[in-house]
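Working notes for the structure below.
The values are calculated or read from the model by the stated rules, or taken from the named source; none is laboratory data. Owing to the predicted nature of the structure, the values given are computational and were not obtained by experimental measurement. Methodologically, a virtual Cβ is constructed for each residue, glycine included, from the backbone with ideal geometry; neighbour enumeration extends over all protein chains shown. Accessible surface is based on the protein model in full, side chains and every heavy atom, while ligands, DNA and RNA are left aside. Shrake-Rupley method; radii C 1.70, N 1.55, O 1.52, S 1.80 Å.
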Amino acid sequence: MIDTGSIDGFLGLEVGESEHHATAVTPAGKKAFGKPLLIVLPSSENASVLASGLWLCSGRHLEEESVWCEQASCAIAGQACGIRSRGVFPATYGLRMTRTTPARPVSVEAVFPELASYRGRTTRLHPRPGRPGMRDSHVGGPMLWPYGEPWPVCHEPHRPETEGYAPAEIRSARATGVWPRRRPWLDAGAPGEDGPVPFVGLAQFFRRDIPGLAAGPDGADLVQLFRCPFTHGPHLERRYLLRWRQAAETERAERFLAAPPEVPMLRWEHELPEPCVLHPEEVDTYPWAEDDTLPAPLIDLIDAWEDAQAAEHGPDALSYQGDLSIPPGWRVGGFPSWASTGPMAIHCETCAAPMRLLLTADGYEMDASSHSWAPLEDRDPSLEGKASILSGKSIGTPTRLRFGRDRDLHVFTCLTDPRHPPQWVLS
């Protein structure tokens, strides 16, 4: 007989050949929540942790962070049911679960039928902290990098620094939930003006995981994103790099780089990405409504609708830009948001052809104006609206990265020839 006095709930995970289901049940036998989920097993090694079963969780309340789950199946079931645990995270085992964007608060094309012809698709990536592998799409994880291939370095002059953070101490502090210590810069003034600096690997995306990802040169289906960890010039400019690869060819390499070169100090804590697995989800999207991004009469209709919403609902009013057009967070394809700069025409500097949006990197998965996009799996089903969104950095700022002054980083590639240099736009 098991003493259930210290047990707040039972989490069950049933793993089938194609369908899986997670359920949370109270000690009294009442079903608290149930959710079907998709699990992708990248290797047979990981399948062993997914034996179907019922596990016990102890803690004060199921919805609190104090719930500790010691089995992988319990952690998976807990996240699927909207219960966050700090024990075994499902992504630790390289698993990908569904994330579901709620239906828009109003039907976009019912309110604005003229927008139907402008509808696009974007893939929300939904990064969440975990342990991705080099053959996974991810933010902040290990790059698929053949051993012996030179790691990219920045040769430009860099601004001298006096204080910063050691990468190892950043990782240790995050693991224990504290802020890392800021220290005097090693060899004060470094990296200096002429020393090469290794780029930081920010993300890599495979088309097999994200079908909406545009192809690169010669049909390349793996793209890797890098950033120099230091600033350049009086305006603190950043340098980024894209590396395209043929995934199948790269995976045939005999050996791979185990750990990339790393600078001993970083200026800011948010220069180091937190390893995150992705939970790709395709959703409808519509253009930013400003200047000439849409016909002027349609923008006037949108503005009038927003004014009416504000007059009726005050600070809780819906907005086209925040609730109906472009989702927040990391995403592939779709339309750029222009909140900081206003719309810009982006043309290739090599051939002057129009450029398309390849991807958007964002430090925040949501903010005060875009909370309606928060996935159902990151909400408390017993609450409604903004109050239902679970708190914590793993949901709001999972990658720990920042771009500019909390802007979106848009990466554009040439429509005519993807070998032409990309453009990087902060907006």
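Please tell me if residue 148 is on the phi > 0 side of the Ramachandran plot, exposed (fewer than 15 other Cβ atoms within 10 Å of the Cβ) and touching a residue at least 12 places away in the same chain (Cβ under 8 Å). Break it down into steps so the answer makes sense when it comes.
On the way: on the phi > 0 side of the Ramachandran plot: yes; exposed (fewer than 15 other Cβ atoms within 10 Å of the Cβ): yes; touching a residue at least 12 places away in the same chain (Cβ under 8 Å): yes.
For residue 148, the condition - on the phi > 0 side of the Ramachandran plot, exposed (fewer than 15 other Cβ atoms within 10 Å of the Cβ) and touching a residue at least 12 places away in the same chain (Cβ under 8 Å) - is met.
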Can you name every residue in segment 116-128 that is surrounded by 22 or more Cβ atoms within 10 Å (Cβ to Cβ) and either farther than 20 Å from residue 205 by Cα or out of contact with any Lys or Arg (no Cβ under 7 Å at 6 or more places or on another chain) (or both)? 127, 128
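Counting only residues that are open to solvent by 30 Å² or more (accessible area, probe 1.4 Å) and either touching a Leu at 6+ places or on another chain (Cβ under 8 Å) or hydrophobic (A, V, I, L, M, F, W, C) (or both), how many does segment 201-214 have? Full working, then the answer.
In the first step, residues of segment 201-214 are kept if they are open to solvent by 30 Å² or more (accessible area, probe 1.4 Å); the result is 207-209, 211-212.
With the extra rule that they be either touching a Leu at 6+ places or on another chain (Cβ under 8 Å) or hydrophobic (A, V, I, L, M, F, W, C) (or both), the set shrinks to 207, 209.
So the answer is 2.
Can you tell me how many residues in segment 371-406 are closer than 30 Å to residue 354 by Cβ and at pLDDT below 90?
Within segment 371-406, the subset closer than 30 Å to residue 354 by Cβ is 373, 399, 401-406.
The next check asks that each one be at pLDDT below 90; those that pass are 404-406.
Qualifying residue count, segment 371-406: 3.
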Within the group 264, 275, 297, which residue is surrounded by fewer than 15 Cβ atoms within 10 Å (Cβ to Cβ) and modelled with pLDDT of 95 or more? 297
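Test residue 249 against the stated conditions and say whether it is charged (D, E, K, R) and either assigned to a loop (DSSP other than H, G, I, E, B) or open to solvent by less than 30 Å² (accessible area, probe 1.4 Å) (or both). Can you show your working first?
Details: charged (D, E, K, R): yes; either assigned to a loop (DSSP other than H, G, I, E, B) or open to solvent by less than 30 Å² (accessible area, probe 1.4 Å) (or both): no.
So residue 249 fails the test.
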Within segment 75-97, is even one residue within 23 Å of residue 222 (Cβ to Cβ), modelled with pLDDT under 50 and open to solvent by less than 20 Å² (accessible area, probe 1.4 Å)? yes
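Among the residues of segment 309-321, which ones are open to solvent by 10 Å² or more (accessible area, probe 1.4 Å), in a helix (DSSP H, G or I) and of a type outside the set (Asp, Glu)? Spell out the reasoning first.
The first filter runs over segment 309-321 and keeps only residues open to solvent by 10 Å² or more (accessible area, probe 1.4 Å), leaving 309-319, 321.
Still in the list and also in a helix (DSSP H, G or I): 309-316, 321.
Residues satisfying the conditions are 309, 310, 311, 313, 314, 315, 321.
May I ask you to verify whether residue 343 is in a loop (DSSP other than H, G, I, E, B), over 24 Å from residue 139 (Cα atoms) and open to solvent by less than 70 Å² (accessible area, probe 1.4 Å)?
On the way: in a loop (DSSP other than H, G, I, E, B): yes; over 24 Å from residue 139 (Cα atoms): yes; open to solvent by less than 70 Å² (accessible area, probe 1.4 Å): yes.
Against the criterion (in a loop (DSSP other than H, G, I, E, B), over 24 Å from residue 139 (Cα atoms) and open to solvent by less than 70 Å² (accessible area, probe 1.4 Å)), residue 343 qualifies.
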Cβ-Cβ below 8 Å, separation at least six or inter-chain, first residue in segment 381-410 and in contact (Cβ under 8 Å) with a residue 40 or more places away in the chain and at positive phi, second assigned to a helix (DSSP H, G or I) and open to solvent by less than 60 Å² (accessible area, probe 1.4 Å): which pairs? 400/174; 400/269; 400/270
Please go through segment 400-417 and give me each residue that is within 23 Å of residue 214 (Cα to Cα) and either buried (at least 21 other Cβ atoms within 10 Å of the Cβ) or hydrophobic (A, V, I, L, M, F, W, C) (or both), ordered by number. 403, 408, 409, 410, 411, 412, 413, 414, 415
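Among 330, 338, which is the only one that is surrounded by 18 or more Cβ atoms within 10 Å (Cβ to Cβ), touching a residue at least 40 places away in the same chain (Cβ under 8 Å) and farther than 15 Å from residue 225 by Cβ? Show your work before the answer.
Numbers: 330 fails: farther than 15 Å from residue 225 by Cβ.
Criteria check complete, one pass: 338.
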